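Below is one structure, written out as structure tokens; the observations come after it.
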Amino acid sequence: MMDDFQPALRLLPIRADQPLRLMHPAVPPLSKLLPSNSVSREMTRYRAERINVDADYLSYPQDEIMRGTYIAGQPLTPEHNYFEIEILDKGMESTICVGVCPRDQSMDVQPGTTADCVAFYIESGSILRNSKGIECIEGCELGDHIGCGVKFDQMAPGSKVPVFFTRNGKEIGSVKSRVPYKGFYPMVSMNSCGEEVRVITQMLYVQDEDVMMSVDSCEDDWYRLSDIKLNGPILEYKGKGKSIIDVGLAQAKQPLNTTNHYFEIEIIDPGESCYIAIGLTNREFPRYRHPGWNKGSIGYHADDGKIFIGSGVGEPFGPRCHKGDRMGCGIYFPRDFEPQDCEQGAEDIEEEEDEDDPQGMKRLRATKIGNSPESPPGVGNLIGIEDNSESDEDDEWESEDGKSSAPYVEVFFTRNSKLIGKKQVLIPKGGFYPTVGMLSIDEKVRVDLHPMTG
């Protein structure tokens, strides 16, 4: 029988240079959790057959037909009793499994078919041990974090130990198993073309009944989510994707400031066309427009590598971005910048809507157009929206002598931690809010509003 679920948990990465702290499901890369020399030692002693290993990324080779398996170089211990994978691609058949096994586990044996190997299969949502299955959940989705750990504190001498599994921070089930002679080693296995995961090891799982399950939600980070589904740190497009008025928009609750001046997204699934944009917008930005398309905004677009600055006409800026790429956006604030104008959060804003015009369409003039160079190709007849709205922001920035006192800032963009370029722009009254736009079916990104570097 499956053990009773626990009400809450904390995921604590172990670092030599920092105290323990509560971890979010948006776990940074392994190289950020451990000193680089520790990562190197770990990764050089792993075992892998029929698996491509690229740092902490694992994928199934295209020319293979047999199941591939990866076994980590270090066993789980009471100090590091937990690890996770992030599902980046479920491949053609979704055969990924994760679990623990002995160090000398045969690479040709199906995980979970022996007494000492415990595995969780993402497609069936079941735990398998000694060929006996326990169904826990219906299945897993792209972007889910699946964890596996051992509760060493519940093992009595000569008895079995609980091996448990989690999904996005919630414990979903466990089984008891004897500990192999050399310990339990993290294991990942797959057998379908296109499958890819990211492995996060050297973590500590601590039970804490006083911690609320806020670890599983990021709702408090966002001011508005239009045609966007939120799943922890994952944003998924849920709009129609048929015209440019179907943009899905996610706008953060707090603007960037001198303390938090940078954020990132990782493209988990580019969808049909990778119409994904990252950028900054003013607090009253229209909810159906990509960042950069309207006044008071700037955006870098993944599909064509162009930058848009308050206009529907973009200019060449950087490379196109694809699945797995990390796109970043930040601000270089001047030294004499006064931060008080960027300290107002969106929780202090009451959005006014016209009951007869909830989307604000009366403020815009719509015209029928065909595919233009700036329109997503293949969408057919699109609705091009010209922004004729009047803004009082320039007036708000005027000083007593009638001259504009709006400060200039440098907005910069990165791709996979490398600087692409920067643009000098006027910062809107109230600040620039981190914003993500999406416009094609099945697009998914992972957002980190507070990365450790930037």
Original post:
For the stretch 315-322, does any single residue satisfy the condition of being modelled with pLDDT of 90 or more, surrounded by 10 or more Cβ atoms within 10 Å (Cβ to Cβ) and assigned to a strand (DSSP E or B)?
Top reply: yes
**OP:** Would you kindly identify the strands (runs of 3 or more DSSP E) lying entirely within the stretch 58-166 that contain at least 2 residues that are charged (D, E, K, R)?
**Re:** 82-90, 132-135
Subject >> Selection count, the stretch 61-120, where residues are under 30 Å from PRO270 (Cα atoms), of a type in the set (Lys, Arg) and surrounded by fewer than 22 Cβ atoms within 10 Å (Cβ to Cβ) >> reply: 1
Subject >> Among (1) more than 14 Å from the chain's Cα centre (by Cα); (2) at pLDDT 90 or above; (3) not acidic (Asp, Glu), the one test that ILE228 misses >> reply: (1)
Original post:
THR259 passes all but one of (1) open to solvent by 20 Å² or more (accessible area, probe 1.4 Å); (2) touching a residue at least 40 places away in the same chain (Cβ under 8 Å); (3) of a type outside the set (Asp, Glu); (4) out of contact with any helix residue (DSSP H, G or I) (no Cβ under 6 Å at 6 or more places or on another chain); which number fails?
Top reply: (2)
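The values are calculated or read from the model by the stated rules, or taken from the named source; none is laboratory data. All of these numbers come straight from a predicted model, not from anything done at the bench. Ideal geometry is used to build each Cβ from the backbone, glycine not excepted, and the neighbour counts take in all protein chains shown. To get the accessible areas, we keep the full protein, side chains included, count just its heavy atoms, and leave off ligands, DNA and RNA. Shrake-Rupley method; radii C 1.70, N 1.55, O 1.52, S 1.80 Å.
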